[in-house]
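Student: Just dropping this structure here.
The values are calculated or read from the model by the stated rules, or taken from the named source; none is laboratory data. Source: prediction; values computed, not measured. When we count neighbours, we look across all protein chains shown, and the Cβ atoms used for this are built from the backbone with ideal geometry, even at glycine. With ligands, DNA and RNA removed, areas are computed over all heavy atoms of the protein, side chains included. Shrake-Rupley method; radii C 1.70, N 1.55, O 1.52, S 1.80 Å.
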Amino acid sequence: MPLQHERLKKLDARLRVQHSLVRKSVDPDGNCQFRAIAHQLYSNQKRHGEIRAAAVKHIKNNSSEYIPFFDGDPQKLKEYVMEMKNDRVWGDEVTLRAAAHAYRITVRVITPDFDRVYEPQPDWVFGTQQPRKELRIALANEHYDSTIAPGAFAGASASNNETGDAGGCV
């Protein structure tokens, strides 16, 4: 438990110092990746089902782009898509990539140690539309949270920073 608390403290420090952000907690119910993206896009984590559905649809409709993640096995990809449709199934790098492509957004995942960026395909794939927004979500201890500017919502609890309580998406 102390290690998890230390990782959250390190993440909070990186968010504050390097990005001028604070964590905005989302429900740790297995949908946290999709909730964090929904909060960033719509200011409403309850729209997580829309994000999941769009990511899954993108994977299914662009299977040739995702098949390498499944050792080239179409059956593994099909099983993944069927499983990922379900509520409370944890998102992963494949769903982050798919959400970025489906919404034509850049998703920056900020961890205690580094940032990882997921971007949509270049313009020549989709036409002339540029990515419309960069979302910044936080990841520590197998749990995603959204981020906000400090003081963005007066009176809103920015995170569980006081207790350091943000377990995995279980």
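Student: Say whether the condition of being modelled with pLDDT of 95 or more, crowded, with 16+ Cβ neighbours inside 10 Å, over 12 Å from the mean Cα position of the chain (by Cα) and among the β-branched types (Val, Ile, Thr) is met by at least one residue in the range 67-79.
Tutor: no
Student: Return only the number of the condition from (1) surrounded by 10 or more Cβ atoms within 10 Å (Cβ to Cβ); (2) part of a loop (DSSP other than H, G, I, E, B); (3) at pLDDT below 85 that Val125 does not satisfy.
Tutor: For Val125, the failing item is (2).
Student: Return the only residue of Arg108, Arg104, Arg88 being in contact with a strand residue (DSSP E or B) (Cβ under 7 Å, 6 or more places away or on another chain) and of a type in the set (D, E, K, R).
Tutor: That would be Arg108, the only listed residue that is in contact with a strand residue (DSSP E or B) (Cβ under 7 Å, 6 or more places away or on another chain) and of a type in the set (D, E, K, R).
Student: Related question: Looking at Tyr66, Tyr103, Tyr80, which one is out of contact with any Lys or Arg (no Cβ under 9 Å at 6 or more places or on another chain) and of a type in the set (Phe, Trp, Tyr)? Break it down stepwise before answering.
Tutor: Numbers: Tyr66 fails: out of contact with any Lys or Arg (no Cβ under 9 Å at 6 or more places or on another chain); Tyr103 fails: out of contact with any Lys or Arg (no Cβ under 9 Å at 6 or more places or on another chain).
Just one listed residue meets the conditions, Tyr80.
Student: While we're here: Would you mind finding the one in Arg52, Arg88 that is under 23 Å from Thr147 (Cβ atoms) and open to solvent by less than 50 Å² (accessible area, probe 1.4 Å)? I'd like the intermediate steps shown before the answer.
Tutor: Details: Arg88 fails: open to solvent by less than 50 Å² (accessible area, probe 1.4 Å).
Unique residue meeting the criteria: Arg52.
Student: Pro2 - would you say it is farther than 21 Å from Pro112 by Cα and without any contact (Cβ under 8 Å) to a residue 40 or more places away in the chain? Before the answer, list the steps.
Tutor: Working: farther than 21 Å from Pro112 by Cα: no; without any contact (Cβ under 8 Å) to a residue 40 or more places away in the chain: yes.
In short, no.
Student: Which is within 30 Å of Glu6 (Cβ to Cβ), touching a Pro at 6+ places or on another chain (Cβ under 7 Å) and open to solvent by less than 60 Å² (accessible area, probe 1.4 Å), of Thr95, Thr106? Write out each step before concluding.
Tutor: Numbers: Thr95 fails: touching a Pro at 6+ places or on another chain (Cβ under 7 Å).
The conditions single out Thr106.
Student: Here's another thing I want to ask about it. Restricting the search to the range 20-34, which residues are of a type in the set (Gly, Ala, Ser) and either in contact with an Asp or Glu (Cβ under 7 Å, 6 or more places away or on another chain) or open to solvent by 30 Å² or more (accessible area, probe 1.4 Å) (or both)? Steps first, please.
Tutor: Start the filter on the range 20-34 by keeping residues that are of a type in the set (Gly, Ala, Ser), which leaves 20, 25, 30.
Selection gives Ser20, Ser25.
Student: Pull out all pairs, ordered by first then second residue, where Cβ-Cβ is under 6 Å, the residues are six or more apart or on different chains, the first lies in the range 94-119 and is farther than 15 Å from Arg35 by Cα and free of Cβ contacts under 8 Å to residues at least 12 places away in the same chain, and the second is in a strand (DSSP E or B) and open to solvent by 40 Å² or more (accessible area, probe 1.4 Å).
Tutor: Asp115/Arg108; Val117/Arg108
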